[in-house]
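Accompanying notes for the structure given below.
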Amino acid sequence: MTRVIGIAGAAHCGSTVLNMMMGQLPGVIGAGETHWLVDRERLPAEMAWPCRTHGEACPTFTPELIGQIAEAAPGTWWEWIAVAAGAHTVISTDKRPAHFDAFGLPDLVVVLYREPRYWVPSWSMAHGVSMERAAQIWRNLYLRVLEWVDDKGLPSVKINWSAVRADPSSLQVVCRLLGLEFSPLMLDFHERPTCHVGGNRKTRPGGLQPELHDMAVPEFNDLMEIFE
């Protein structure tokens, strides 16, 4: 029986790095943003093939597998991915509740977030919006995610990616929360290319370095209250 761990949250929340790390564990495939496997007509131009690492030479996300998934009933394609990868656990970083609603609910949801004092300035600068607008986006997005988890009655854990980056040893706690066995291989994830779909292509080795931005964010305390 395949176990699916779904990562939900905002873009640039740390999901690509966490996915690549988890993909180093025995019996686990960090599949990534799996909706691109069937959402092919909207595939970004820089993603000529869904597998970010191997392209069309990917040994897991082959044309045969993608064809099987395209015809699979919602909620069953995780099994196809697990079989192709020889894995018992699939990590999905599809992030949006709508993706999971369409393609199958995970067995466990990881609500992954960067603290707004880091995420908001970063998003504001990257997208040319005000700090106030970026803070509003952060709040609304996570309120929707938490409401979805509650409405669906899904088991979930909340992980503060900013705290993990500041203390990589906390990955052992993260693994325990997810029912996985920690391996030091996770810390060297960038040295072993893995099969995964999509993800932040600006990810670099050393993805666990402490955050660079720490600025005054409007209503910072109010924003964090949604996780309490």
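If I take R0 = 45 Å and measure r between the Cβ atoms of M215 and E64 in this structure, what FRET efficiency does the formula 1/(1 + (r/R0)^6) give, to the nearest 0.05? Don't skip to the answer; put the middle values down first.
Numbers: r = 48 Å, r/R0 = 1.08.
About 0.40, to the nearest 0.05.
With θ set to phi - 60°, apply the Karplus curve 6.51 cos²θ - 1.76 cosθ + 1.60 along the range 86-95 and write out the HN-Hα couplings as whole Hz, x wherever there is a Gly or Pro.
x, 10, 9, 10, 10, 9, 10, 10, 5, 6
Using only the alpha carbons, work out the radius of gyration and Dmax of the range 3-227 in angstrom.
In Å, with Rg to one decimal and Dmax whole: 17.0, 50.
Do any cysteines in the chain lack another Cys Cβ under 4.7 Å, and if so which?
That list is C13, C175, C195.
Computed from the coordinates by the stated procedures, all read-outs in this text should not be read as laboratory data. What you are looking at is a predicted structure, and each value in this text was computed from that prediction instead of being measured. Here Cβ is always computed from backbone atoms with ideal geometry, including for glycine, and neighbour counts include all displayed protein chains.
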